[in-house]
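Structure record follows, encoded as structure tokens.
The values are calculated or read from the model by the stated rules, or taken from the named source; none is laboratory data. Small disclaimer: the values here were computed from a predicted structure and weren't measured. Here the Cβ positions follow ideal geometry from the backbone for every residue, glycine too, while neighbour counts run over all protein chains shown.
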Amino acid sequence: MICEDIHAFAAAIPAGRVIAGLDLGEKTIGVALSDLRHMIASPIETIKREKFTADAAKLLALLGARNAGGIVLGLPLNMDGSEGPRVQSTRAFARNLERLTPLPIGFWDERLSTVAATRAMLEADLSRKRRAERVDNVAASFILQGLLDRLQHLSREG
């Protein structure tokens, strides 16, 4: 089930399950997971992309093993908020994934997540090679943390 609205996504996440954050790149998929309380996002893995079927199988196996209750995809909006070809590709990935899993799928604005991830890794003094290996799953954790922070805010409002 694709949830375009943050409230619908929050309502669809079963209690006691983690949320997965994904940063879809052309060559890799960065994966991050929340803790059970939906407070902290942690980078987990980077999946090297092949074909959608193989990518989805690896991803869903990983999420099943980690007891994920929902998936949030980084939505690569243009800086002016408009949707370009990369957003269309992300939405197509979500539609295809929706056919393979009952997990709710949501979107989160990922503008500047890769920039923030790279900056954090530079500050941590990671080598260029190590940054290249980790940028996608660290970006996924930035995406997921943004969503988790919003969910915490919503729970305080409600």
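Below are the figures for this structure:
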quantity: Candidate set: the stretch 1-16, residues that are small (Gly, Ala, Ser) and out of contact with any helix residue (DSSP H, G or I) (no Cβ under 9 Å at 6 or more places or on another chain); chosen: the one farthest from Ala68 (Cα to Cα); calculated: Ala8
quantity: Selected residue (criterion: modelled with the highest pLDDT) from residues of the stretch 111-158 that are closer than 14 Å to Leu75 by Cα and not in a helix (DSSP H, G or I); calculated: Arg111
quantity: Within the stretch 24-44, tally of residues that are within 25 Å of Gln152 (Cβ to Cβ) and touching a strand residue (DSSP E or B) at 6+ places or on another chain (Cβ under 8 Å); calculated: 14
quantity: Residue ranges of helices (runs of 4 or more DSSP H) in the stretch 1-110 with at least 3 members at pLDDT below 95; calculated: 6-12, 85-98
quantity: Residue satisfying all of: in the stretch 74-99; without any contact (Cβ under 8 Å) to a residue 60 or more places away in the chain and among the hydrophobic types (A, V, I, L, M, F, W, C); surrounded by the fewest Cβ atoms within 10 Å (Cβ to Cβ) among these; calculated: Met79
quantity: Any pair with Cβ under 8 angstrom, 6 or more apart, that starts in the stretch 45-58 at a residue that is surrounded by fewer than 13 Cβ atoms within 10 Å (Cβ to Cβ) and ends at one that is assigned to a helix (DSSP H, G or I) and not charged (D, E, K, R); calculated: none
